[in-house]
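The values are calculated or read from the model by the stated rules, or taken from the named source; none is laboratory data. Everything numeric here is computed off the predicted structure, so don't read it as measured data. As a convention, Cβ positions derive from the backbone with ideal geometry for all residues, glycine included, and neighbour counts pool all protein chains shown.
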Amino acid sequence: MIKLFYNMNNIIILFSLFIIFSCAKKDDIKKNRPNILFIMSDDHAYQAISAYNKKLIYTPNIDRIAKDGALFENACVTNSICAPSRATILTGKHSHINGKIDNRSPFDTTQITFPQLFQNAGYQTAMYGKLHFGNNPKGVDDFMILPGQGHYVNPDFITNNGDTTITGYVTDIITDLTLDWLENKRDKDKPFLMMYLHKAPHRPWWPSPDKFKEFANKEFPIPKTLFDDYKNRGLAAKSAEMNLLNDLRYGHDSKIRPEVLKSMGDIKPFVQPYDWGGSDGFSTSYVRFNEDQKAHYDPVIDSINVWFKNNWSQLTEKQKMEWKYQRYMQDYLGCISSVDENVGRVLDYLEKNKLDENTIVIYTSDQGFYLGEHGWFDKRFIYDESFKTPLLISWKNKIKPGIKISKMVQNLDFAQTFLDAANISQPQDMQGESLMPLLLGQEENWTRDAVYYHYYEYPAVHMVKRHYGIITEKYKLVHFYYDIDEWELYDRHADPMEMRNVYNEPSYNETVTKLRLQLSELRVQYKDSRDLDLYYIDNYFHN
Ligand code: SGN
Ligand code: CA
C-alpha cells in the first residue's frame, strides 16, 4: 500500500515536472526568440528621414525606432538597385554569388533565404508588399506581393490563392494587410518574422491624394550640388541619364497631362529615355484611378498644369531645373509622409499589444537615392547618396535607446544579424557579419574595416556604367569597366560630397597602390572571380 502510495506520488511529481518543463520550454521559446518586424521601403533616401537630416521632412514615427534603439550612420548596400539588394538581404550573399546581379535576371529560388531558416526553426513567417523577383517568396507561411514594381493606386497583388486587386492607396493597403496578419492570421503562440515591404517612395512618386495636396505647395532647400557639371569626375558621371532637368519625364514624373504637353509642341529638353516604350507614364497611373480618386487628385494636377502651361517657356534653364527639383521633391516626400504614418500605425499596434517587449524592429530601404545631389534622381552609383541606406534597429531592453553606430555595415549583414538574434545557426557560406556586437555595445568584437561593392545593370535605363570598388572609412576606390576602363578615388574626409576624383593626383599614389591591392584581396575573399577584362569594348559592341 505504502509502496503504491510512493509510486503514485512519484508519478504525480514526474507529471507535474513534465507540465512545468513543457510550459517553461514553450515560454522559453517565446521569451528567448524575439519577433522580427523587418520594414523596408523602396528608394528611401536617408536624407529624407528626420533622424538623419532635419532639412527636408519630419518623420516622427520612423524616428521612434532610432529613439528607442540604434541609428546606423554608415549603413550601405553591395549593389545599389532593387531586386539585387533584396536578394543580398535574403541570402546574405553578394550578387555574384546569389546570381541576382540586376533587376532583369531571375532570382534562383533553389537558394536558401533567411525566412526559410526562420520557418524551419518554428517561426511564423509572412511577407507583404514589394519583392520584385518575378517569382514568389520561399519560406513564408503567408504572402501578398505586388507584381513587379506594383502600382500606387488600386494595386494588384499576387497571393497564395491567386491574384487580386485592392482599392485604395498602396502604402495604406500594405499596412492594413500587415496589421490584419498580426492580429488575425498568425498563431500567437509562436514567434513571428514579418517582412513589411513598401513600394513607396519608388518612381513615379504618386502620393496619396491628401499628401499630394499637402506637399504640392511646399518648397525645399536646394542641394549644394544641384548644378553639378561633373568636372573632375569621369565619363560615368557625365554620361548617366538621371539628371533632373534632362531625364525626368514631364508626364510620368512631373504630372503634366499629355494633352497639355501636346498643346505646347516639342518642349525642351525633349526626353526619350532608354526604356521608354512610347507609352505615356502619366496615363498608365491615372487610368487606374476611379472617379472618386480622380476628383481628389484632379484639382492639384490641374493647378500644376495651369502653372506649367503659363510659365514654362519663359523660364531660364536654371529655373527649369529648380522647378523640376521642387516638383520631384513634393511628390517624393509626400509618398514618404504616408510611409511614416503607416509605420506609426504598426509601431502603435506592437505597443498596444505588448509585442514591443520582444520584437526587433528594423527600418531600412533597398538602397539610397539622389534627392538632387549632383543634379540627380535614382541610384545605382557607388557614390554616397545611393551607396548608403537608412538603417534603424530597436530591441527593447537589449539595444540602448538612442545609440548611433558609425561602423560601415551592409545589407549583406542583415540575414546573419537576424539569425544571430533569434539563436538560429548561420549557414557557413553567408558572407556578412552579424551586427549584434555593434547593437549590444561590443564594438571590439567587430572586425570588418572595408566593404565591397559591385554594380552590373548596364546598358540599361539611366545608363550608369558597370563598376566595382572598395570603401573604407577614409577612401572610396572605384573601377568603371565594360565599355570604359576608368578608375576613381575619393578622399571621403577631405571631400565628403565626392566632387573631386584624386586617382591621378601624385600625393595619392601610395593610397591608390594600397587600395588596389586591398580591393583584389576583397574580390578573392568574397569569391568575385569574374574576369572583368572579358567585358571590355568588344563584348559591348557585339551584344
Ligand atoms: C524603373 C524606373 C527607373 C528605376 C528602375 C529600377 N523607371 O525602370 O527609374 O531606376 O525602375 O528601380 S520608371 O519609368 O518605370 O518609373 S528599382 O527600384 O526597381 O531598382
Ligand atoms: Ca529600389
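Looking at segment 33-81, which of its residues are surrounded by 22 or more Cβ atoms within 10 Å (Cβ to Cβ) and among the small types (Gly, Ala, Ser)?
SER41, ALA45, ALA48, ALA66, GLY69, ALA70, ALA75, SER80
If we scan segment 196-215, do we find a residue that is of a type outside the set (Asp, Glu), assigned to a loop (DSSP other than H, G, I, E, B) and over 24 Å from the mean Cα position of the chain (by Cα)? Before you say what the answer is, go through the steps one by one.
Kept after step one, since they are of a type outside the set (Asp, Glu), are these residues of segment 196-215: 196-209, 211-213, 215.
Narrowing the set further to residues that are assigned to a loop (DSSP other than H, G, I, E, B) leaves 198-208.
So of that shortlist, the ones also over 24 Å from the mean Cα position of the chain (by Cα) come out as none.
For segment 196-215, residues of a type outside the set (Asp, Glu), assigned to a loop (DSSP other than H, G, I, E, B) and over 24 Å from the mean Cα position of the chain (by Cα): absent.
Identify all residues within segment 66-108 that are away from ligand 1 (no atom under 14 Å from the Cβ) and acidic (Asp, Glu); write none if there are none.
Passing the criteria: ASP68, GLU73, ASP108.
Within segment 419-430, identify whether any single residue is surrounded by 23 or more Cβ atoms within 10 Å (Cβ to Cβ) and farther than 26 Å from HIS467 by Cα, and answer yes or no.
Scanning segment 419-430 turns up no residue that is surrounded by 23 or more Cβ atoms within 10 Å (Cβ to Cβ) and farther than 26 Å from HIS467 by Cα.
Scan segment 64-79 residue by residue and report those that are assigned to a helix (DSSP H, G or I) and out of contact with any Phe, Trp or Tyr (no Cβ under 9 Å at 6 or more places or on another chain).
ARG64, LYS67
Just one of LEU248, LEU226 is under 21 Å from HIS44 (Cα atoms) and within 16 Å of ligand 1 (Cβ to nearest atom); which is it? First the steps, then the outcome.
Details: LEU226 fails: within 16 Å of ligand 1 (Cβ to nearest atom).
None of the other options fit; the residue is LEU248.
Look at LEU193 and say whether it is surrounded by fewer than 22 Cβ atoms within 10 Å (Cβ to Cβ) and either aliphatic (A, V, I, L, M) or within 22 Å of ASP292 (Cα to Cα) (or both).
no
Answer with yes or no whether GLU351 is away from ligand 2 (no atom under 16 Å from the Cβ) and out of contact with any helix residue (DSSP H, G or I) (no Cβ under 8 Å at 6 or more places or on another chain).
Here the answer is yes, as GLU351 does meet what is asked.
Conditions (1) within 16 Å of ligand 2 (Cβ to nearest atom); (2) under 20 Å from ASP42 (Cα atoms), marked per residue:
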{"position": "VAL361", "(1), (2)": "no, yes"}
{"position": "THR364", "(1), (2)": "yes, yes"}
{"position": "TRP376", "(1), (2)": "yes, yes"}
{"position": "PHE381", "(1), (2)": "yes, yes"}
{"position": "PHE387", "(1), (2)": "yes, yes"}
{"position": "LEU391", "(1), (2)": "yes, yes"}
{"position": "ASN397", "(1), (2)": "no, no"}
{"position": "GLY402", "(1), (2)": "no, no"}
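Report yes if some residue within segment 50-63 is within 16 Å of ligand 1 (Cβ to nearest atom) and touching a residue at least 12 places away in the same chain (Cβ under 8 Å); otherwise report no.
No, because not a single residue in segment 50-63 is within 16 Å of ligand 1 (Cβ to nearest atom) and touching a residue at least 12 places away in the same chain (Cβ under 8 Å).
Pull out all pairs, ordered by first then second residue, where Cβ-Cβ is under 8 Å, the residues are six or more apart or on different chains, the first lies in segment 78-89 and is under 11 Å from PHE387 (Cα atoms), and the second is small (Gly, Ala, Ser).
THR78/SER85; THR78/SER95; ASN79/SER85; ASN79/SER95; SER80/GLY368; SER80/SER386
Looking only at segment 205-239, count every residue that is in contact with a Phe, Trp or Tyr (Cβ under 8 Å, 6 or more places away or on another chain) and without any contact (Cβ under 8 Å) to a residue 60 or more places away in the chain and tell me the total.
The total comes to 1.
List the residue pairs whose Cβ atoms are under 9 Å apart, where the first residue sits in segment 364-381 and is among the polar types (S, T, N, Q), the second is within 8 Å of ligand 2 (Cβ to nearest atom) and part of a loop (DSSP other than H, G, I, E, B), and the two are 6 or more positions apart or on different chains.
From residues that are among the polar types (S, T, N, Q), the pairs are SER365/ASP42; SER365/ASP43; GLN367/ASP42; GLN367/ASP43; GLN367/ILE81; GLN367/LYS379.
Do we find that ASN232 is modelled with pLDDT of 90 or more, more than 16 Å from ligand 2 (Cβ to nearest atom) and more than 27 Å from the chain's Cα centre (by Cα) in this structure? Spell out the reasoning first.
Details: modelled with pLDDT of 90 or more: yes; more than 16 Å from ligand 2 (Cβ to nearest atom): yes; more than 27 Å from the chain's Cα centre (by Cα): yes.
When the stated conditions are applied, ASN232 passes them.
Do the conditions hold for GLU341, that is, is it of a type in the set (D, E, K, R), more than 16 Å from ligand 1 (Cβ to nearest atom), outside any loop (DSSP other than H, G, I, E, B) and touching a helix residue (DSSP H, G or I) at 6+ places or on another chain (Cβ under 9 Å)?
Here the answer is yes, as GLU341 does meet what is asked.
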